[in-house]
Structures are given as structure tokens and as C-alpha cells.
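Accompanying notes for the structure given below.
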Amino acid sequence: MLRFIVRRLALLVPILLGLSVLLFAWVRALPGGPAYALLGERATPEAVAAIESQLGLDRPLWEQYLQFLGRAVRLDFGASLQTGQPVIEEMLRRFPATIELALAALLIAVCVGIPLGYLAARRYGTWIDSLAVTGSLLGVTIPIFFLAYILKYVFAVELGWLPTAGRSDPRARADHPTGFYVLDGIITGNLDASWDAIQHLILPALALSSIPLAVIVRITRASVLNVVNEDYVRTAEAKGLLPGTITWRHVLKNAMLPVTTVIGLQLGVLLAGAVLTETVFAFAGVGKFMADGIVQRDFPTIQGFILVIAVVYVVINMIVDLVYGLLDPRVRVS
Amino acid sequence: MSLLEVRDLSVTFTRSGQQPVRAVDGVTFDVAAGQSVGIVGESGSGKSVTSLAVMGLLPARGAHLGGTVTLDGNELTSMDQRALRDVRGRDVAMIFQDPMTSLNPVVTVGRQLTEVLTRHAGLRRGEAKAEAEQLLRRVGIPDPVRRLGEYPHQLSGGMRQRVMIAIAIACRPKLLIADEPTTALDVTIQAQILDLLRNLVAESGCGMIMITHDLGVVAGLCDTVHVMYSGRIVESAGTKELFGRPSHPYTDGLLQSIPRIDADPADLLHTIPGSARDTVPWDRGCAFQPRCERAVDECLAGPPPVAELGTPIVPHPVRCVRPVGEDVIVHEGNVAR
């Protein structure tokens, strides 16, 4: 097990190296470049040259790359052009919000998606199945910003059950030692703050969960349909085992293998892609910061965001593979 | 009364928008305790469906069952699923064809063995584990303690089938059904597995149904043989009698198709012409008629009658109007000789 983890972590090195080359090349290939972004389109060649010299852009490419790499290794992506603060600090401040939102969305998707997918497979061809399939198609196709506004309009504006935006009630006073507001409330003994944070999470999490929910329903359904026709399920029935044992030990344990992979991938997508949801609900996470960064050509932010998200992706994938190894002994050995 | 009595068993599969398919049609046979009964036939002859019907393992939707299956006095076809689950694995157990796919890849061998013991024999975890160890030893698996903690992919094919057999005999069933248990194995392993099955039946005194397309398996293992074709039993006899005097043209063709080591190498291998798809519905005539070398007009004059070529004590019924070795045309009620 330990060797497996070490090997996977070692794989991170070439992946990140390759990614840094791509990212470096991509940023250099952008038209204009940072000098024009800083000075505007009508900058004089002398001013551009001065800035480029100041930023080290007149050095050979390999030297620039090494410098970029040397800084990136120390998590130094430069200062954000939006705020003037180091990019890494800006991101660290906002990451808890995004993680909280992504986990909440994933929780909804998993808790609803797996039972629904299982039910659809066991009631294959009935109205329950059709409903699940159609519903998941709708979940994938409906644009998140549209769904987000609908949810906001119905539950926040019309019914007034939930808050419309933000992460907490601005009038409430609460300490935030970790930045995870739900957790913070529990740590500081301020359960009202936790409850307030949960209420603020519900609508954005619902909106954000639509795609992963739909994907999980579909994968679970397809996977269960495959597994129930396997010989070993027939063996389990031939043994006269109770339906509960067959479902958990023989069907779900096998059917969850592909679902695990999908859940991991979806978590990566959620962490990187909460941009629209965070914007609609004015949820101050990294997605919103990144969206603003793109609009304002904030290159250091974009670079930092992409590298960090890439690391997150790779680490999540590694965790998925570890969980996979726990579930599937065949992977563990090879 | 026999251990297992199958009477007029029929299975029809229906699918919406398609013609119903009668996979098993009026099958009747007995299995006595300690007896091994072979059911022989090619793919699609209904032999596996027969075994699944006995186990009550046919899908609830789309499969329609007729006739009765009585195990030790209990009628199985009318039992509800809850009662059937108590019978399966305890009174009747099954060994499947491919041990690779029939064992759960993500559950240890030990757990797959103990779960049937805790379910039916009322053993607790620890007791079941000790019993499982004994079972593995009994089916000839060395180092059982280590094997209990392993997964199916860590075992060889023969070893896996031994595990399947251990699972099947775990609760000392009265009836063992083996559905082509050696088909997926190497020839040398096949012989070992058959030896094991023969010894287990002899020791435990349980009845066994051996489903196979391999007449060699039947010859070495079974007391009685039923030959199935297109969902019906076409010939039944004691193993010696069947091999010595095959009377249905289909049985005869199967036996002649076995390559002989003393045959002239220049001779072509004997085959039965056509395929199992060339068939006639039984109510219009003999299903084997299109492929039969002895076919006459009477073959298509309605369901073929059953000719009794044996004696009341040693029966040898054949569903044929012109059995091999008889020159008489058999009509209903007119039994040859």
C-alpha cells in the first residue's frame, strides 16, 4: 500500500513538469503579452522593452522557464494584477469556500445519485427508470446559470426560504479560523453560524450538483445493469443468500468501481468549475476570482490557478486510485 | 420416492413483440440419492435451462414454468422466493461452468465460502471460518488458511473450480447440480475435477445432475443418461446401455462423432449434418428430422411416439419412430419388439 502511494506521488513530478512546460509555452504564445497588458495597446516600443527587461522577458526562453519553474516550486506565482496581493495568498483565502461548495454539491450528487441509479437499474424499463434517465439527461443539458437563477428566484425570492447570495448573513458575527464556515461554527461553538452557512450553501450546491448528479445516476445505473447479469450474482442467488447480502456484497461492491472513478473526476470538475455558480450566488471562491482574472487579463492569477487546479486534479486522481485499490483487489496486486 | 422428481417440466420464454420460445418441453426424470444423472445435449438443447428451473433461478419476468419439481417431497415450483432461498444452497447446490466469472472478484475466497455457512448452517463467523478451512482441505486445496484470505484471481482455474465445489457442498446438500463444470478447464484438470466430484458423491450419498455436452464426462461419472434435443428428452438409458446400444439417431450421431484413436487417419470425422437451428416444432413432428439420416415420412406425422426398448426394470425409452437397430416403424402404442 505504501509503495503504491509513493509510486503515485513520484508520478506527480513528470506530470507537473510537463504541465509547467505547456503552461509556460501557452502564456508566451498569447498575443500581446504582459507588457501590453500592463501598458495598454498604444505603448511605445521603448516602454515595452523596458517592462520586458524588468520582467526578464528579454532573457533566453529556457532561462525564463527555469525562473518560472523555480518560483512555481515555491508556490510563488507573482502578484495578482487585480489586487496587487500574491496570487497564492488570494487563492488560499478563497479555496475553503470553493471546497466547501464542491463537497456540498458532491454530497448531494452521491447521496441522491447512487440510490437513484441503483433503483433505475433494478426497475429497468419501468417508469422509474425512464424518469431517472430523462431527469439525468435534463440535468446534464440544462445550463447551470439558468438553473441557478431559477432556484434563486423560486426558493430565495418568491418563497423566501433561503438566502439569495453570499456565504453568510452579513449581520451575523462569527469567527473563521479555517475559512470553512460550516466547520468554523462547530469549532467555535457557534452552531447558529454553521446553520447560517448551511442555508447559504444549499441553493448553490443544488445548482452545482446537477451535472455530477446526472452523471452519477447514469454511471451507477449502467454499472448495476452490467453487474446484475454477471455469473457471480447468479452464484450468490444459487447460494440462497438474502437479498440484502446480494445487493451490498455482490452487486454494489462491484458496481461501485466505475462510480468511484466518476466521483473523483467530478470532484475535480467541481473544484475547478464552480465559476458560474459562484458568480450567480456571489459566492467568494476561487472560481469567481479566476473568472474575474480572465476578464482583466490577470496572467499571474490564471497561471497560478491552472497549476494549483492541476495539482488538485492529480492528487484527487491518486486518491481515487487508492480507493479503487481498496475496493478492487485485482488493482492492488498489479 | 426418488430424491428429485421432475415431472413434465416446461419453460417458455416470452418477450414482447416476439414469438414465445419453448426452451424446455415436457421433461420428466428422477434422481435418486447417491445417483449421478447425466443430461447431455448441444448448446440450445435446454439442458442448462432445465437445471436453472430446478434451482428456481429463472428470471421472474419473461420465463413461464410448467410441470412440477419435487425435492425430497417438497414441491419447488410453487414455492415463494423466500422459501426457495432457504432451499437453495442448503438442500440443492449448483456448480457453474466458468469458475472465473462465477466467483465474485472483489470478495475473498473465505468470505464467499463462509457466507453460505452463516446463512444456512447457523454458524457464527469463527465457526464458519474453521469449517471453510476443512472444506477447502476436503476439495484438495493445499494451504487452506492462506487461500481463505485470497481473491479468486490469485487462484488457478482448477483451484477456482475446487472453491466453487467447496461452496456447493458446504451445507451438505441433498442434490448437487453441476452445469458443465469442466468445460472451462484444461484437460488434465478436467479429470481431477471429475474424480473429485465422483468421490464427493460417493462419500456424501447426495444425488447429482451432471449437465454436459461431453459424452466422455458422462461415461466416467453417471449412472443414467438423458439425451436432450430441442427442449425434449429424446433418449434415456443406463450409461452402459446407452453407449452400447444408442437408439435415437441423434445419440448415435453424437457417439459416432467422437474421434477414435483406432480409426484410419485417412477417414473423415463423422458429423451430424445441419445445425440445431434446422428444426421442426415437436407438435408437428420430430425436431431432429431435418438433420436425421434415418428420416422417413412418418417423422413429420405429428409428435413422435416414445418407444420402450428396455424392460420395466431397466427402461430405455426413445422418442423416435425409427430407432437405430430397429426396422419397425413405431406408432403410438405399438412398441418395437
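Quick look at the numbers
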| quantity | calculated |
| --- | --- |
| Residue in the stretch B:235-253 that is touching a residue at least 24 places away in the same chain (Cβ under 8 Å), farther than 26 Å from residue B:22 by Cβ and crowded, with 18+ Cβ neighbours inside 10 Å present | yes |
| Criterion: on the phi > 0 side of the Ramachandran plot and at pLDDT 90 or above - qualifying residue of B:231, B:238, B:274, B:333 | B:231 |
| Evaluation of residue B:25 against (1) in contact (Cβ under 8 Å) with a residue 40 or more places away in the chain; (2) over 27 Å from residue B:252 (Cβ atoms) (one fails), failing number | (2) |
| Conditions (1) surrounded by fewer than 23 Cβ atoms within 10 Å (Cβ to Cβ); (2) outside any loop (DSSP other than H, G, I, E, B); (3) within 13 Å of chain A (Cβ to nearest Cβ); (4) without any contact (Cβ under 8 Å) to a residue 24 or more places away in the chain: number failed by residue B:84 | (4) |
| From the options A:167, A:173, A:221, residue that is away from chain B (no Cβ under 14 Å) and either modelled with pLDDT of 85 or more or closer than 21 Å to residue A:116 by Cα (or both) | A:221 |
| Qualifying residue in the stretch A:264-274 (condition: over 20 Å from residue A:143 (Cα atoms) and out of contact with any strand residue (DSSP E or B) (no Cβ under 8 Å at 6 or more places or on another chain)) | yes |
| All positions within the stretch B:96-112 that are surrounded by fewer than 23 Cβ atoms within 10 Å (Cβ to Cβ), among the β-branched types (Val, Ile, Thr) and more than 7 Å from chain A (Cβ to nearest Cβ) | B:108 |
| Set B:10, B:43, B:2, B:48: member being crowded, with 17+ Cβ neighbours inside 10 Å, closer than 28 Å to residue B:197 by Cα and small (Gly, Ala, Ser) | B:48 |
| Some residue of the stretch B:11-24 being over 25 Å from residue A:236 (Cα atoms) and in a strand (DSSP E or B) | yes |
| Among the candidates A:206, A:267, residue that is within 16 Å of the chain's Cα centre (by Cα) and surrounded by 22 or more Cβ atoms within 10 Å (Cβ to Cβ) | A:267 |
| When residues of the stretch B:179-197 are limited to those that are touching a residue at least 60 places away in the same chain (Cβ under 8 Å) and of a type in the set (D, E, K, R), the one nearest to residue B:50 (Cα to Cα) | B:179 |
| Cβ pairs under 7 Å, 6+ apart, first in the stretch B:55-67 and closer than 21 Å to residue A:124 by Cβ, second at pLDDT 90 or above and among the acidic types (Asp, Glu) | B:57/A:237 |
| Strands (runs of 3 or more DSSP E) completely within the stretch B:169-288 that count 2 or more residues being under 28 Å from residue B:322 (Cα atoms) and within 18 Å of the chain's Cα centre (by Cα) | B:207-212, B:224-229, B:232-238 |
| Any hit, the stretch A:225-238, residues being surrounded by fewer than 19 Cβ atoms within 10 Å (Cβ to Cβ), within 7 Å of chain B (Cβ to nearest Cβ) and touching a residue at least 24 places away in the same chain (Cβ under 8 Å) | yes |
| Qualifying position, being away from every other protein chain (no Cβ under 11 Å), among the β-branched types (Val, Ile, Thr) and free of Cβ contacts under 8 Å to residues at least 12 places away in the same chain, among A:186, A:211, A:198 | A:186 |
| Test: residue in the stretch B:130-149 that is touching a residue at least 12 places away in the same chain (Cβ under 8 Å) and within 13 Å of another protein chain (Cβ to nearest Cβ) | yes |
| Residue within the stretch A:136-159 that is in a loop (DSSP other than H, G, I, E, B), over 25 Å from the mean Cα position of the chain (by Cα) and at pLDDT below 85 present | yes |
| Residue match in the stretch A:40-63 (condition: more than 27 Å from residue A:257 (Cα to Cα), buried (at least 16 other Cβ atoms within 10 Å of the Cβ) and among the β-branched types (Val, Ile, Thr)) | yes |
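The values are calculated or read from the model by the stated rules, or taken from the named source; none is laboratory data. Just so you know, these numbers come straight off a predicted model, no measurement behind them. Virtual Cβ from ideal backbone geometry, glycine too; neighbours counted across all protein chains shown.
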